[in-house]
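The values are calculated or read from the model by the stated rules, or taken from the named source; none is laboratory data. In this text, all values refer to a predicted model and were calculated from it rather than measured experimentally. Heads up, the Cβs are rebuilt from the backbone with ideal geometry, glycines too, and the neighbour counts pull from every protein chain shown. With ligands, DNA and RNA removed, areas are computed over all heavy atoms of the protein, side chains included. Shrake-Rupley method; radii C 1.70, N 1.55, O 1.52, S 1.80 Å.
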Amino acid sequence: MPDPSNVPTPGAPARVFADRHIGPAPAETAEMLKTVGYGSTADLMNAAVPASILSAPGQSATLDLPAAIGEAEALAELRDLASRNRPTTPMIGRGYYGTLTPPVILRNIMENPAWYTAYTPYQPEISQGRLEALINFQTMVSDLTGLPITGASLLDESTAAAEAMTLARRVSKVKGDVFVVDSDVFPQTLQVLRTRAEPLGIEVVVADLTQGLPEGDVYGVLVQYPASSGVVRDPSAVIAEAHERGALAVVAADILALTLLRSPGDLGADIAVGSTQRFGVPLGFGGPHAGYMSVGEKLRRQLPGRLVGVSVDDAGKPAYRLALQTREQHIRREKATSNICTAQVLLAIMAGMYAVYHGPDGLRAIARQVHTRTAALADTLAQRGFEVLHGTYFDTLRVRVPSADRVVERALEAGINLLGVDQGTVGLSVDETTTVDDLEKVLAAFGEADRGAERGPVSVDGDADRLPADLARGVDYLTHQVFNTHRSETSLLRYMRRLSDRDLALDRTMIPLGSCTMKLNATAEMESITWPEFAGLHPFAPLDQAAGSVSLIRDLEGWLAEVTGYDAVSLQPNAGSQGELAGLLAIRGYHRSRGDDHRDVCLIPSSAHGTNAASAVMAGMRVAVVACADDGNVDLDDLRAKIAKHGAELAAIMVTYPSTAGVYEDTITEVCRLVHEAGGQVYVDGANLNALVGWAKPGEFGADVSHLNLHKTFCIPHGGGGPGVGPVAVRSHLAGFLPNHPGQPEAGPHTGVGPVSGAPFGSAGILPISWAYVRMMGGDGLRSATETAVLSANYVAKRLEPYYPVLYTGANGLVAHECIIDIRPLQKASGISNEDVAKRLMDYGFHAPTMSFPVNGTLMVEPTESENLAELERFIQAMISIRGEIDRVASGEWDAEDNPLRGAPHTAEAVTADEWNRGYTRAEAAYPLPSLRQDKYWPPVGRIDQAYGDRNLVCSCPPPEAFEL
Ligand SMILES: *Cc1c(COP(=O)(O)O)cnc(C)c1O
């Protein structure tokens, strides 16, 4: 029955996008306001937010943004921007290659909300589909790299190399600080390594590895395989020398080349890193793509990022979940070995599916085609009198020419991007999209070196082999059944559907995860990212081919500056964690530019997200923890004491605002003042910006720098654990210390700290999502989104308060955009933990709120503005019903162990089994609320045994027999 208040009156203007994005209709908002006790959302905001930080105290501020437009108009503007891009055939190489995304994967994963709106699989029982897809990815990378333990993705190849550089330092027995890097490495990787090495005191030494390792206290070495110039050299001698000297060997390997070449593991490497972009993931002007890292058994506890492993559920069935420390990596804070949180799950799933679809033979055939076409090009160029620099190669050539500019220009006229290496050298890389016609065009662009040279057509000899014979791959790969089953589209389609059906994503239920802002990812926002004009651009293409994307990037930078009150924004960091690092590096650069090299202490409240401390350590800072008072706020006395203690060594404070406790602390301006007076800088973690947009601006209320999470506040979907974008925004005095990029002067200030991502503009391919959100919301829409998010959180808090204590509140008993529900008192009375509640929510068809962050034993609920009242109530009713169940345990009516909370989640198999000997009924297990009889989600596995999986670590596809009944 449609709610009459939702039906537009005839002749009324068409609904604006903000009304679609914001869940509650006006009548629902009014009802919620009544429950919370305010007359308007503006009144609520003015009561909740301290006046000292409001942009326009007592009233609502206006944001200076273009007026909102509708979905059709925004898409038309995006079409216009797209038409200003001129994607050409990308033969630039350097780690980014043309690829054919199988349409069945494009539409049914990349464009499918069942996959892209999922959250990181912290609740494994409702994430079995994406966990299986990720274990396929891990198995694929492990097989190809010859190293048994692979993580579930890293952010890109360059940052994966940086993670390997620090991993090697942790475990090497050599006490030195020298990390040797192959002189024939991708230039962006070298620069990212330098950015990351400098604050840690690591000395990056570039060396021609054909001469062996240089002298010095070398603790690790990185070899590019095949090299950036295309040559394929056997790295085993360097690896052996490294091992003799106690150093670790990292091989940055091309994933497609590995189908033909001996694997890094086989050659003795300790760590392999790289990108899986060319396995079907569009270029997207630089990203997002899944980086990978794989390691030997001995290093498995050192792996950064997440690792999917196999365990068993309560019925003994195999079940996937995040393994080892990777579930809660950030709890280790400053002792964490990496700050990676959001990674590249969606892209890893795509790359894994590409391998599932093609299988080992298909991949090998693609690699053979790439290789033979490269060889044909090399041979023909040689026949025409050109010097091809290397005799061995996989897909990349370096060719001596009289004028590189002229060849590059002529190729461009034919629609092909080549690489001008230097004045006399052209580089080119062949990929699976390269046609024989492309080869002819490339040849035409080169012309002829000798007048008398033969001019026959290019001939593609299927047997050409220019890989060194002793590097030929002998070991099989992708022998597991999953890579040898789904050859037809029907079969793959159904496999992907089967997997996504196991998972709960936003297309089925609200995901009230505090701190994660799981809001609507509107279709109109998503639609343009797979348009070829955005998706097909190479990150190192000349900028005049990317005029539309650059214009979009500049728009978004400007809009985010307006929203946050900062002066400059860099979109390069490809996750929040990377934005944190970039922001702290800016602070470090600023202090050093003023001769304050000794300022290296970063104050971090005890309630902070774990990435904060981990990033501070990566930025070369020492972490000092500031206590939080009983009300969750930063303890000002302790802050004063810590400032006094560290004095002139104070570099910064890193606070989240509103705090991770979900309240607007009224002391924030005082915190800023105290730190500034002591010469420190203020970093405000912007993960909670959804509580501020349109009402308060960190850049105006005292902060110097923030990172934002476009995958939280600005509608980029979470992708099951990535992609993300973590822009860093700064006030003008820090602007000169933002990230930049060696390959693209327009990507940042020339005085910048170097790149923090491999690509100049980071994950540029998904920026149209946030662009479209801001464009369609306008300033007023964004402001009402904030108001509704705060209203919804307060509504949930108010409704649940009679059943669960709400842990922290701020002014007037109000919370910000999320609220923490305390399960500990109930646990004392009943033994039922927050985890039991989380698992029981699955039986009710919900994804649990955030568990035990920032306080153990609690659940943090963030409803966001996108959920309507009916969905909020569905959640509230589930929570109320669960409270009733807890009471039945507390009263002894249900046994402390044998009850539906401890038994949750319940699978269909368990509930329909012939035998049922639990102390509650089947209906109580499966249908605790009548509404569930209409719409029931069945968790595919029961409660997973975490400890079992860690004791018996398996992190590649288990054999099919493991699933036998
Ligand atoms: C999400 C989050 C981060 C980290 O962001 P990623 O994109 O996952 O790296 C940092 N701080 C807070 C408070 C967060 O909620």
Breaking point among (1) in a helix (DSSP H, G or I); (2) touching a residue at least 60 places away in the same chain (Cβ under 8 Å); (3) farther than 22 Å from residue 107 by Cα, for residue 498: (3)
Can we say residue 708 is of a type in the set (A, V, I, L, M) and surrounded by fewer than 24 Cβ atoms within 10 Å (Cβ to Cβ)? no
With respect to the numbered conditions (1) in a helix (DSSP H, G or I); (2) in contact (Cβ under 8 Å) with a residue 60 or more places away in the chain; (3) open to solvent by 60 Å² or more (accessible area, probe 1.4 Å), which one is the sole condition not fulfilled by residue 935? (1)
Of all residues in region 513-537, which are in contact with a Ser or Thr (Cβ under 8 Å, 6 or more places away or on another chain) and not in a helix (DSSP H, G or I)? 513, 514, 515, 516, 517, 518, 519, 520, 521, 537
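Out of 714, 761, which single residue is within 16 Å of the ligand (Cβ to nearest atom), in contact with a Ser or Thr (Cβ under 8 Å, 6 or more places away or on another chain), assigned to a loop (DSSP other than H, G, I, E, B) and among the aromatic types (Phe, Trp, Tyr)? Lay out the reasoning, then the answer.
Details: 761 fails: within 16 Å of the ligand (Cβ to nearest atom).
Of 714, 761, the one residue that is within 16 Å of the ligand (Cβ to nearest atom), in contact with a Ser or Thr (Cβ under 8 Å, 6 or more places away or on another chain), assigned to a loop (DSSP other than H, G, I, E, B) and among the aromatic types (Phe, Trp, Tyr) is 714.
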Test of understanding: among 316, 296, which residue is surrounded by fewer than 24 Cβ atoms within 10 Å (Cβ to Cβ), away from the ligand (no atom under 16 Å from the Cβ), free of Cβ contacts under 8 Å to residues at least 12 places away in the same chain and of a type outside the set (A, V, I, L, M)? 316
Is it the case that some residue within region 777-789 is basic (Lys, Arg), open to solvent by 10 Å² or more (accessible area, probe 1.4 Å), touching a strand residue (DSSP E or B) at 6+ places or on another chain (Cβ under 8 Å) and not assigned by TED's automatic domain parsing to the domain that holds residue 634? no
Where residues in region 45-73 are over 34 Å from the mean Cα position of the chain (by Cα) and of a type in the set (A, V, I, L, M), which of them is most open to solvent (accessible area, probe 1.4 Å)? 51
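In the list 637, 666, which residue meets the criterion of being more than 16 Å from the ligand (Cβ to nearest atom), closer than 30 Å to residue 805 by Cα and at pLDDT 95 or above? If you could, list the steps in order and put the result at the bottom.
Values: 666 fails: at pLDDT 95 or above.
637 is the lone residue from the list that is more than 16 Å from the ligand (Cβ to nearest atom), closer than 30 Å to residue 805 by Cα and at pLDDT 95 or above.
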Report yes if residue 348 is crowded, with 24+ Cβ neighbours inside 10 Å, within 30 Å of residue 200 (Cα to Cα) and in contact with a Phe, Trp or Tyr (Cβ under 9 Å, 6 or more places away or on another chain), otherwise no. yes
Return the residues of region 545-599 that are free of Cβ contacts under 8 Å to residues at least 60 places away in the same chain and within 30 Å of residue 408 (Cα to Cα); say none if nothing qualifies. 554
Would you point out which residue out of 743, 699, 720 is outside any strand (DSSP E or B), within 13 Å of the ligand (Cβ to nearest atom) and not polar (S, T, N, Q)? 720
Residue list for region 669-688, restricted to those being more than 16 Å from the ligand (Cβ to nearest atom) and acidic (Asp, Glu): 670, 677
Read through the list (1) open to solvent by 10 Å² or more (accessible area, probe 1.4 Å); (2) without any contact (Cβ under 8 Å) to a residue 60 or more places away in the chain; (3) touching a Gly at 6+ places or on another chain (Cβ under 7 Å); (4) of a type outside the set (Asp, Glu), then give the number of the only condition that residue 398 fails. (2)
Which one is farthest from the ligand (Cβ to nearest atom), of the residues in region 586-599 that are part of a helix (DSSP H, G or I) and open to solvent by 10 Å² or more (accessible area, probe 1.4 Å)? 593
Which condition number does residue 735 fail, the rest of (1) open to solvent by 10 Å² or more (accessible area, probe 1.4 Å); (2) in a loop (DSSP other than H, G, I, E, B) being met? (2)
Which condition breaks for residue 86 when tested against (1) surrounded by fewer than 24 Cβ atoms within 10 Å (Cβ to Cβ); (2) without any contact (Cβ under 8 Å) to a residue 40 or more places away in the chain? (2)
Take region 481-521 and flag every residue that is more than 16 Å from the ligand (Cβ to nearest atom) and among the hydroxyl-bearing types (Ser, Thr, Tyr). 485, 488, 490, 491, 495, 500, 509
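Which is within 16 Å of the ligand (Cβ to nearest atom), closer than 30 Å to residue 93 by Cβ and of a type in the set (A, V, I, L, M), of 571, 560?
571
Quick one: would you say residue 486 is surrounded by 19 or more Cβ atoms within 10 Å (Cβ to Cβ) and touching a Leu at 6+ places or on another chain (Cβ under 7 Å)?
On the way: surrounded by 19 or more Cβ atoms within 10 Å (Cβ to Cβ): yes; touching a Leu at 6+ places or on another chain (Cβ under 7 Å): yes.
Answer is yes for this residue.
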Checked region 924-948 for anything farther than 20 Å from residue 911 by Cα and touching a helix residue (DSSP H, G or I) at 6+ places or on another chain (Cβ under 9 Å); matches are 946
Failed item, numbered, when residue 162 is tested on (1) assigned to a helix (DSSP H, G or I); (2) crowded, with 24+ Cβ neighbours inside 10 Å; (3) of a type in the set (Gly, Ala, Ser); (4) touching a residue at least 60 places away in the same chain (Cβ under 8 Å): (4)
Among the numbered conditions (1) part of a loop (DSSP other than H, G, I, E, B); (2) in contact with a helix residue (DSSP H, G or I) (Cβ under 9 Å, 6 or more places away or on another chain); (3) surrounded by 13 or more Cβ atoms within 10 Å (Cβ to Cβ), tell me where residue 433 comes up short. (2)
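Given the criterion closer than 30 Å to residue 334 by Cα, surrounded by 19 or more Cβ atoms within 10 Å (Cβ to Cβ), touching an Asp or Glu at 6+ places or on another chain (Cβ under 8 Å) and hydrophobic (A, V, I, L, M, F, W, C), identify the matching residue among 250, 218, 231.
Numbers: 218 fails: touching an Asp or Glu at 6+ places or on another chain (Cβ under 8 Å); 231 fails: closer than 30 Å to residue 334 by Cα.
The unique qualifying residue is 250.
Inspect region 869-885 for any residue being at pLDDT 95 or above and assigned to a loop (DSSP other than H, G, I, E, B) and give the result as yes or no. Full working, then the answer.
Looking only at region 869-885, we keep the residues that are at pLDDT 95 or above, and these are 869-885.
Filter once more, keeping what is assigned to a loop (DSSP other than H, G, I, E, B): none.
Checked against the condition, which is being at pLDDT 95 or above and assigned to a loop (DSSP other than H, G, I, E, B), region 869-885 yields no hits at all.
Does region 897-931 hold any residues that are surrounded by 13 or more Cβ atoms within 10 Å (Cβ to Cβ), in a loop (DSSP other than H, G, I, E, B) and of a type in the set (Gly, Ala, Ser), and which are they? Let's see the steps before the verdict.
Initially, region 897-931 is screened for residues surrounded by 13 or more Cβ atoms within 10 Å (Cβ to Cβ), giving 898-907, 909-911, 918-920, 922, 924-929, 931.
Then drop every residue that is not in a loop (DSSP other than H, G, I, E, B), which leaves 898-907, 918-920, 927-929.
Listed by number, the residues that qualify are 903, 904, 919.
Table: residues versus (1) under 30 Å from residue 617 (Cα atoms); (2) modelled with pLDDT of 95 or more; (3) crowded, with 23+ Cβ neighbours inside 10 Å.
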site	(1), (2), (3)
146	no, yes, yes
149	yes, yes, yes
154	yes, yes, yes
157	yes, yes, yes
166	yes, yes, no
175	yes, no, no
Starting from region 676-701, take each residue that is among the β-branched types (Val, Ile, Thr) and list its partners that are within 11 Å of the ligand (Cβ to nearest atom) and part of a loop (DSSP other than H, G, I, E, B), counting only C-beta distances under 9 angstrom and pairs at least six apart or across chains. 684/657; 693/713
